[in-house]
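The values are calculated or read from the model by the stated rules, or taken from the named source; none is laboratory data. On a predicted model such as this, the values are computed, not experimentally measured, just so you know. Ideal geometry is used to build each Cβ from the backbone, glycine not excepted, and the neighbour counts take in all protein chains shown. With ligands, DNA and RNA removed, areas are computed over all heavy atoms of the protein, side chains included. Shrake-Rupley method; radii C 1.70, N 1.55, O 1.52, S 1.80 Å.
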Amino acid sequence: MLTEFAGTSAVAELAALLSVADPPVADHWSHVERGFRGWVGRPDLRERLRGHLRTLSPREQARVAAKSRETTTHFAWCLRDEAAEPFTFWLHEYKPQRDWRQGYADSVHNHRYHFCTVLLQGSYLHERFSVDLADGGGAILSTTLLRRSAAAEGHSGTMLAHEFHRIPEAADDTMTFLVKSRAVRPWSLSFDPDTRTSHRHVPVEARLEDLTNSM
């Protein structure tokens, strides 16, 4: 596969910084976290990311658009996803809170991957939870709030795939930059604190065999 983001682009530079000689990178996430925190601590971070976006060729712009998606609470823009690399880079553009629909960032949830994030602009309320799982780990029975903190511009953090959190509130125009590992779990879980309903989320691409067998 051709590497389309090359040269001195911001995300290409970060990809080189975060690479490890002994894969999988998910087993060395502390290395990724240290490198990410140092790199995003630069005062010109937003300008560098803005410059990356402005220099994308039409082909690269189409690739970003094709790999990006809309959720109920934010737009997830995929800036870099190279098959040979063990991580991907994203911008999350949060919608105005009045436009949120329940079921994504505002649910108690984990992820199939590890990630590091930094707030580029805006702010949000971040909550971390412990959860009681059903036998087999396929559903959340209950949650307990561990801590709540207000994150503002420049704040960075890390979440591992087994950890649970939620963002119940975000200021308008909030935007974050993230590095995500490849999936380390086959599914993720979410829990609606209002209805106390648990959901298991399996990526659609992993369900092709199920689809074939059900035809």
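Sort out which residues of the stretch 164-186 are closer than 23 Å to residue 14 by Cβ and over 13 Å from the mean Cα position of the chain (by Cα), and write them in order of number. Result: 174, 184. Within the stretch 59-102, the set of residues being open to solvent by less than 40 Å² (accessible area, probe 1.4 Å), within 25 Å of residue 195 (Cβ to Cβ) and assigned to a loop (DSSP other than H, G, I, E, B) comprises 71, 72, 73, 95, 96, 100. Just to be sure, is residue 105 among the aliphatic types (A, V, I, L, M), open to solvent by less than 20 Å² (accessible area, probe 1.4 Å) and modelled with pLDDT of 95 or more? Spelling it out, it is not the case that residue 105 is among the aliphatic types (A, V, I, L, M), open to solvent by less than 20 Å² (accessible area, probe 1.4 Å) and modelled with pLDDT of 95 or more. Determine whether the stretch 153-171 contains at least one residue that is assigned to a helix (DSSP H, G or I), out of contact with any Cys (no Cβ under 7 Å at 6 or more places or on another chain) and either among the hydrophobic types (A, V, I, L, M, F, W, C) or free of Cβ contacts under 8 Å to residues at least 12 places away in the same chain (or both). Looking for residues that are assigned to a helix (DSSP H, G or I), out of contact with any Cys (no Cβ under 7 Å at 6 or more places or on another chain) and either among the hydrophobic types (A, V, I, L, M, F, W, C) or free of Cβ contacts under 8 Å to residues at least 12 places away in the same chain (or both), one finds none in the stretch 153-171, hence no. Scan the stretch 119-147 for residues that are assigned to a strand (DSSP E or B) and within 18 Å of residue 73 (Cβ to Cβ) and the total you get is 10. For residue 204, the criteria (1) free of Cβ contacts under 8 Å to residues at least 24 places away in the same chain; (2) touching a Lys or Arg at 6+ places or on another chain (Cβ under 9 Å) hold in every case but one, which is (2). When the stretch 18-53 is limited to residues that are more than 21 Å from residue 77 (Cβ to Cβ) and hydrophobic (A, V, I, L, M, F, W, C), the one that is surrounded by the most Cβ atoms within 10 Å (Cβ to Cβ) turns out to be 29. Out of the residues in the stretch 10-24 that are modelled with pLDDT of 80 or more and part of a loop (DSSP other than H, G, I, E, B), which is farthest from residue 50 (Cα to Cα)? Top of the filtered list is 24.
In the stretch 110-156, of all residues being open to solvent by less than 20 Å² (accessible area, probe 1.4 Å), of a type outside the set (Phe, Trp, Tyr) and within 20 Å of the chain's Cα centre (by Cα), the one that is farthest from residue 196 (Cα to Cα) corresponds to 120. State whether one or more residues within the stretch 101-110 are in contact with a Ser or Thr (Cβ under 8 Å, 6 or more places away or on another chain) and at positive phi. Yes, because at least one residue in the stretch 101-110 is in contact with a Ser or Thr (Cβ under 8 Å, 6 or more places away or on another chain) and at positive phi. None of 149, 188 is of a type in the set (Ser, Thr, Tyr) and under 22 Å from residue 26 (Cα atoms) except 188.
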